[in-house]
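For reference, the structure is listed below as structure tokens.
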Amino acid sequence: MARMREDTLRGRDFSVDEDQVEDTLERDLENPPEEDSLDSNDMSPLEKIMTLEAELIQAKAKADEHKDHLLRLQAEFDNYRKRTQKEKTEIIKYASERLISELLPVLDNFERAASSAQVNPDFNAFSQGIDMIYRQLQTALNKEGLKAIEATGQPFDPNLHDAVLRVESDEHPENTVVEELQKGYYLKEKVLRPSMVKVSN
């Protein structure tokens with residue numbers, strides 16, 4: 001079979017550059033094949049070239065595989081970086097949330113004191129002082145992103161309002177906030193505390 005193959009190859013008049021073959025053989029001697037590779041002495045120059053081409057194709061396939069793996073790793077890293085950046089932005093954005101939550105009762109007390117002082121005329125001066133302090137505190141909190149939630153007269157929204165009482169009302173449509181018992185607040189776009197309200201049946 002081997003002789004028939006060699007006769008066939010001779011019949012096809014392959015032109016092989018002797019210098020090129022010698023260079024190929026010299027490179028093979030400098031970089032010997034692995035143990036499981038065919039012995040180069042048993043291979044014709046054409047077979048050796050075909051073997052090298054096959055090895056080149058295999059090496060290219062592995063290189064492409066490694067490239068795809070690196071691209072996947074890069075995509076995963078980019079997603080991780082974006083996610084951590086978003087989390088960092090959220091932390092910075094709502095860093096004052098705890099402070100403002102602690103100040104809300106103070107804000108409530110100022111509102112109650114101001115309302116009580118308005119009922120008694122003897123406390124006009126006191127009322128003005130309380131009102132001034134209240135506005136200063138409110139301004140400071142507004143700068144941090146605090147904003148009151150609209151309640152009275154608004155359609156009841158469970159995301160914004162906490163219904164503690166339901167009452168009959170001829171003045172308001174059904175499921176409308178008729179009275180605000182305690183103000184609710186946003187911190188920027190987030191609901192910090194829902195409004196405590198009465199809702200019409």
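Brief remarks on what is shown
- Taking a ≥ b ≥ c as the square roots of the eigenvalues of the Cα gyration tensor, the stretch 72-201 is oblate, since a/c reaches 1.5 or more and a/b is not larger than b/c.
- Which listed pairs, of K86/K143; K93/K188; K143/K188; K88/K183, have C-alpha distances above 19 Å, in listed order: K86/K143; K88/K183
- Over all other residues within a Cβ to Cβ distance under 12 Å of R166, the charged ones net out to -2, with Lys and Arg as +1 and Asp and Glu as -1.
- On the beta carbon distance between V106 and D78, with R0 = 45 Å, the FRET formula returns roughly 0.50.
- In a fully extended conformation the segment linking R135 and A54 would gain 20.9 nm over its present Cα-Cα distance, using 0.36 nm per residue.
Each value in this text was obtained by applying a stated rule to the coordinates, not by laboratory testing. Remember, predicted model here, so these are calculated numbers, not experimental data. No Cβ is skipped: glycine too gets one built from the backbone with ideal geometry, and neighbour counts run over all protein chains shown.
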